[in-house]
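Worksheet: one structure, shown below.
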Amino acid sequence: MVKESQPLEGETIRFDQNIFSILAIKKAAYRYIDVFSADINLQPPHIICSLKFSPSIDHHRANQLMDEFRKEVLDQDLRERIRVETEPIRKLILAHAFSNTGIASHERIPGA
């Protein structure tokens, strides 16, 4: 948490690597690239995010952004898990959709 009396330089947020993926943290950090930069490091069992805010960001806004960042990491991590869990279903739906188009039966296979 950023204190009002301290100069605004940077903050560190820790995520448990057994709960959150680095990819989710990277995606979340990218969404906030206009207001802070993130240095992401592994220090098992944690993923350490050192945030450096843009000069125009005050303490109150920095605290809000850190809360929003934590929520975004959770959102990105859940999206990633849902994508993995539903991948077989998505492939099945796509295979079924393309099997009914007739495109595959009209394609000529070179050399066949």
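The values are calculated or read from the model by the stated rules, or taken from the named source; none is laboratory data. Worth saying up front: this structure is predicted, and the values here are computed from it rather than measured. Note that we place each Cβ from the backbone using ideal geometry, even for glycine, and neighbour counts take in every protein chain shown. Side chains are part of the model used for accessible areas, which takes the heavy atoms of the whole protein and leaves out ligands, DNA and RNA. Shrake-Rupley method; radii C 1.70, N 1.55, O 1.52, S 1.80 Å.
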Within the bounds of the stretch 53-69, is there any residue that is modelled with pLDDT of 95 or more, open to solvent by 40 Å² or more (accessible area, probe 1.4 Å) and small (Gly, Ala, Ser)? no
With the requirement that a residue be exposed (fewer than 14 other Cβ atoms within 10 Å of the Cβ) and hydroxyl-bearing (Ser, Thr, Tyr), what does the stretch 13-36 give you? Tyr30
If a residue has to be within 14 Å of Glu11 (Cα to Cα) and either surrounded by 17 or more Cβ atoms within 10 Å (Cβ to Cβ) or of a type in the set (A, V, I, L, M, F, W, C) (or both) to count, how many in the stretch 37-46 make the cut? 2
Do any strands (runs of 3 or more DSSP E) entirely within the stretch 1-99 hold 2 or more residues that are free of Cβ contacts under 8 Å to residues at least 24 places away in the same chain and under 19 Å from the mean Cα position of the chain (by Cα), and if so, which? 36-43
Which of (1) closer than 24 Å to Glu11 by Cβ; (2) modelled with pLDDT under 95; (3) among the acidic types (Asp, Glu) is the odd one out, the single condition Glu107 does not satisfy? (1)
